[in-house]
Each structure stands twice: as structure tokens, then as C-alpha cells.
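Report on one structure; see the data block that follows.
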Amino acid sequence: MRKPEQGMSDTYEEDFIKWDLATLSKEIRNKQLSPVEVTRQLLKKIEEEDGKFNSFITVTAEEAMEQAKKAEREIKDGELRGPLHGIPIALKDNVYTEGIKTTMGSAIFKEYIPGHDATVTQKLKEAGAIILGKLNMHEVAYGTSGDRSFAGPVKNPHDTNKITGGSSSGSGAALAASFCYGALGTDTGGSIRIPASFTGIVGMKPTFGRVSNFGVFPLCWTLDHVGPMTKTVRDNAILMNVLAGYDENDPYSIDIPTEDYTASIGTDIKGAVIGIPAGDFFKGGDPEVEKHYLQAVKKLEEAGAEIKSVNLPDMEEILAAFRTTLTSEAYTVHEERLQNFSDEWDDEVRARLFTAKDTHAAKYIAAQQIKKQAIKDFEKIFKEVDIIVTPTVPILPVNIGEREIVLNGSKIHSSLVLNRFTGPFNLTGLPSLSMPCGFSEAGLPIGIQLVGKLFDEANIYRFASVLEQIL
């Protein structure tokens with residue numbers, strides 16, 4: 001396999017580190033580039049540069065090099081496993097890895113070593129992916145800022161004073177810093193899409209039940225989703241091809257056929273109908289976010305799509321039901337640990353968990369009724385439109401540690417703003433993807449969210465690929 005040639009090594013290393021997954025995969029499959037060399041250079045880059053961003057909690061350098069050597073041997077012998085063969089990726093640190101520390105970003109679990117892999121970990125290994133390590137995250141995945149972890153806050157590669165968004169903070173930062181070619185995140189209220197928006201990458205929250213949660217430490221059983229985070233739309237679809245599928249070990253997994261999520265990429269959207277929220281949906285958001293969102297919608301219209309204003313269900317009611325569900329189930333998950341390890345929690349995370357201590361069952365049940373009605377309401381909307389497009393987050397990344405922001409002339413906690421557009425689609429289980437749609441004047445990424453009907457991820461990738469090409 002080819003290594004940097006004499007006279008071009010200075011640029012070649014830098015080039016392949018910045019490549020997308022699909023490009024690297026092609027070069028590796030054609031035996032033009034060695035997985036060993038790629039992995040070695042990435043590990044070197046992480047060692048030298050991650051001190052600035054704090055994206056990794058554990059780097060599995062020795063294991064990664066062994067996996068790279070095995071992949072190289074197999075590829076040389078013509079034993080190709082698919083497009084992820086020999087590709088270095090990283091996992092959020094609540095995804096179980098047998099024999100490797102999995103901390104959940106919490107001091108309580110800082111020495112925890114699972115006895116088995118998560119289903120998604122196993123699938124990636126079977127596909128020949130190389131696992132570089134475990135990524136930093138908001139403690140127990142309970143936060144949208146990404147700056148509360150026993151390992152310290154993750155810093156945004158676009159501005160290290162800013163948050164990456166959470167809870168998959170390390171996943172977003174590692175991709176933005178070109179430390180890996182793909183990453184896994186989890187999303188309970190926006191924890192894939194918010195960091196994707198804030199770090200300028202692509203993040204997919206699949207349909208609830210599409211990707212197995214088995215072996216992923218829970219935050220909220222009925223809202224948790226596992227999904228891919230990547231540099232490009234095609235890369236994301238490639239990872240989804242590996243991750244998706246029924247798993248009998250996950251009681252929430254849905255037995256429905258998967259498909260090739262890359263198949264519709266490159267298909268035009270002429271005649272398709274895009275729904276955008278009517279009324280004052282965006283009221284109080286940052287003007288720069290709104291400007292880039294509207295420009296992206298205009299580009300989609302110029303590409304041949306029809307733009308249709310749609311009346312969404314009561315999003316505030318859905319958001320409230322989402323928050324009741326999240327707080328109630330998260331408290332139940334951690335009730336015993338809150339009592340037995342009271343001094344080891346981050347103060348903010350502990351206080352947030354305790355907010356549901358006295359929630360009445362009637363309030364939780366009412367939230368589930370709102371959920372059922374919301375799913376029906378969106379089913380009706382998707383009879384009129386092919387996809388719904390919104391901003392991912394209404395504001396730009398705030399400073400690390402900043403919690404109080406001004407919105408509509410009033411002070412409000414940032415956590416109530418960051419998941420305003422993402423949380424409702426966790427409650428309904430609808431697939432939604434965040435992708436870049438521009439930068440603020442200060443150079444901070446801005447994301448746009450594409451929402452599809454249940455199990456319609458392939459169609460989301462279709463629209464996202466068109467928008468990516470335009471932008």
C-alpha cells in the first residue's frame with residue numbers, strides 16, 4: 001500500500017487527514033493508502049493537538065494500531081468487508097466497549113469497564129472500522145452544553161471559548177478537528193444535532209428504534225437514539241448502512257427492513273415539497289441563524305423544490321411533554337446513584353436530575369398522550385410535504401460555563417433554548433439530521449435541521465446531499 005511519496009509527504013499527510021470518509025475509503029480499498037499509516041498519523045495528531053479541545057477521554061492507541069494492521073492484511077488479501085474497512089472512528093463514552101473504560105463523562109463511572117460491546121460497537125468492528133478511543137461528553141449525557149464532565153469541558157475547535165453543544169460534545173469536536181473520519185453520538189433531546197450544528201458537521205438522529213440502544217448507557221429509555229456524526233452527508237449515510245437494523249437485545253428496536261441510505265444521494269429534488277414552519281416559530285432567535293436558514297431554504301427552492309408553509313402542532317406543548325418524559329425517566333435511571341454517590345456528581349447535573357423527584361405519575365402519563373397525538377399530527381403533515389426544514393438551534397454557541405442568555409428581551413437559562421427545535425422530534429421519534437448551512441460573522445458554524453417521516457432517513461439524505469452540494 002502506498003505511503004507518502006518522497007517529495008510530497010509534507011502535504012500528503014495533511015491532505016488525507018482532512019479527507020472525508022468516502023474519499024479515504026476509496027483510496028484504502030484501491031490499496032493506494034495504508035490504514036496503518038492513516039491511524040498512526042491520526043494518533044499523533046490527537047496526542048499533539050487534543051489538549052486544546054479535550055475531545056477524548058480515552059485514546060486506545062495500541063488497540064487501534066492492531067486493528068489497523070489486521071485491516072491492512074485483510075485488504076491486501078482481497079478480504080474486503082465494506083466501505084468502513086480500515087477507517088478510523090471514535091465512540092461517545094457511553095457506548096460500551098468490552099475491556100475498555102466507558103465513563104459516561106462521570107466521576108462515578110471513571111473506572112467502569114464493560115464486559116461486552118454495545119451492538120453498534122460490534123457492528124462497527126465487524127465492518128472493519130478502527131476504533132481510536134472514547135470521546136468526552138456531558139456527564140451521563142444530561143446536558144445540551146457539553147461543558148460538564150469529570151474530564152473537563154470540551155472546547156469548540158472554531159473558538160475554544162465556546163461550547164460545542166452537548167451531550168455528544170467530544171464527537172463534534174473530534175470531527176471538526178479532523179481527529180477521526182466518523183463518530184457515534186447519542187441523542188435524547190438534540191445531543192447529536194446540537195453539537196453537529198455548533199461544530200459544523202453532519203449529525204443524524206435516526207427514527208426511534210432504527211438503531212439499537214443495547215449496550216449504550218441509558219438516560220431516558222423512550223427518547224434515547226444512537227446515530228452517526230460525520231464530515232459529510234454521504235459519510236453519514238455510509239455509517240447508517242452499518243448501524244441500522246433490528247436487534248432482539250433492545251426492547252425498543254423495531255423490526256423493519258433497512259435500506260441502502262446512500263442510494264438516493266445525488267437524486268434531484270425537483271417537484272418535491274419542503275415544509276417550513278408557519279407563524280412565529282423562530283421568534284427570538286439569533287438574526288444570523290435565521291438569515292442563513294432562510295438562504296438555505298431559498299437554495300432548495302432554486303434546486304426545484306416547492307416551499308410550503310405548514311402549521312406545526314403546538315410545539316411548546318410537545319416540548320413540555322418531552323421535558324417531563326426526559327426528567328422523569330432520567331431520575332428513575334439514576335435514583336439509586338443520586339443517593340449513594342451524592343458527592344461525586346457535578347452540581348448542575350445532580351440538581352437537574354432532582355427536578356423530577358416529585359413529578360406525579362399523572363403528569364408523565366399526560367405527556368405520553370401528547371406524544372401519541374403529536375405523532376398523528378405529524379403523519380398528517382407528511383401527507384402534504386416530503387420533508388420539514390427548521391434551524392437546528394435558534395442561537396449561536398455561547399461561552400463555556402455561560403447559562404443565562406437574553407432572548408426576547410428576557411433572561412433565560414440556555415438549556416431551555418438549545419433544544420427548542422430538536423427536543424420535539426425525540427418525543428415523536430421522527431428522524432432528523434443537522435448539517436452546516438453557513439457561518440456567523442464571527443466564524444461560528446450554523447446548522448439547519450431536516451426532519452422526515454418515520455423510517456424515511458434515505459429521503460432526508462437525498463435532500464441533505466442536494467443542499468450540501470449547493471452550499
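Values in this text are rule-based calculations from the coordinates and carry no lab data. Computed from a predicted structure; not experimentally measured. Because the Cβ atoms are built from the backbone with ideal geometry, glycine has one as well, and the counts that use them run over all protein chains shown.
What to note about this one:
- Ratio of the Cα radius of gyration of the chain to 2.2 N^0.38 Å, where N counts its residues: 0.92
- Three-way shape label, region 75-172, alpha-carbon gyration tensor, a/c 1.5: oblate
- For region 108-164, GluC sites (Glu not before Pro) meeting the loop criterion (DSSP other than H, G, I, E, B) and having at most 16 other Cβ atoms within 10 Å: Glu111.
- Shape call, region 246-302: gyration tensor on alpha carbons, a/c limit 1.5: oblate
- Antiparallel content of DSSP bridges confined to the chain, in %, to 5: 70
- Extending 7 Å from the Cα toward the beta-carbon at both Lys411 and Glu63 defines two label points whose distance is 4.5 nm.
- When each of the peptides 99-109, 49-59 is scored by how many other beta carbons lie within 10 Å of its residues on average, the order from highest to lowest is 99-109, 49-59.
- Close amide H contacts of Ala305 (hydrogens built in the peptide plane, cut-off under 5 Å, sequence separation of 5 or more or a different chain): Gly271.
- Per-pair calculated FRET efficiency, R0 = 51 Å: Ile365 and Glu302 via Cβ, rounded to 0.05: 0.65
- Here each label is just a point 7 Å from Cα along the line to Cβ, and for Leu80 and Lys44 those points are 2.8 nm apart.
- With a cut-off of 19 Å on the backbone N, the residues of region 26-60 near the modelled label site 7 Å out from Asn161 along Cα-Cβ are 52-54.
- Once backbone amide H atoms are built at 1.01 Å from N, Ser212 has Gly245 as its partners under 5 Å, excluding neighbours fewer than 5 places away on the same chain.
- For region 453-470, Karplus couplings with θ = phi - 60° (6.51, -1.76, 1.60), whole Hz, Gly/Pro x: 6, 3, 6, 10, 4, 4, 5, 4, 4, 4, 5, 5, 5, 5, 5, 4, 5, 5
- With a cut-off of 18 Å on the backbone N, the residues of region 260-283 near the modelled label site 7 Å out from Lys383 along Cα-Cβ are 273-275.
- Extension gain (nm, one decimal) between Asp314 and Gln295, 0.36 nm per residue minus Cα-Cα: 4.3 nm
- Three-way shape label, region 318-471, alpha-carbon gyration tensor, a/c 1.5: oblate
- If the segment from Asp347 to Lys70 were pulled out straight at 0.36 nm per residue, it would be longer than the present Cα-Cα gap by 95.3 nm.
- The modelled label-to-label distance between Leu471 and Lys31, using points 7 Å beyond Cα along the C-beta direction, is 4.0 nm.
- Residue by residue, region 320-331 carries 3J(HN,Hα) couplings of 5, 5, 4, 5, 4, 5, 4, 5, 5, 6, 5, 4 Hz when phi is fed to the Karplus relation 6.51 cos²θ - 1.76 cosθ + 1.60 (θ = phi - 60°); x denotes Gly or Pro.
- 3J(HN,Hα) from dihedral phi, region 412-420, Karplus parametrisation 6.51/-1.76/1.60, rounded to Hz, x for glycine, proline: 8, 5, 4, 5, 7, 9, 4, 9, 4
- Checked against a 19 Å cut-off, the cross-linked pairs Lys31/Lys70; Lys18/Lys299; Lys101/Lys125 give Cα-Cα distances beyond that limit for Lys18/Lys299.
- Flagged links, alpha-carbon separation over 30 Å, of Lys205/Lys308; Lys283/Lys372; Lys231/Lys453; Lys110/Lys411: Lys110/Lys411
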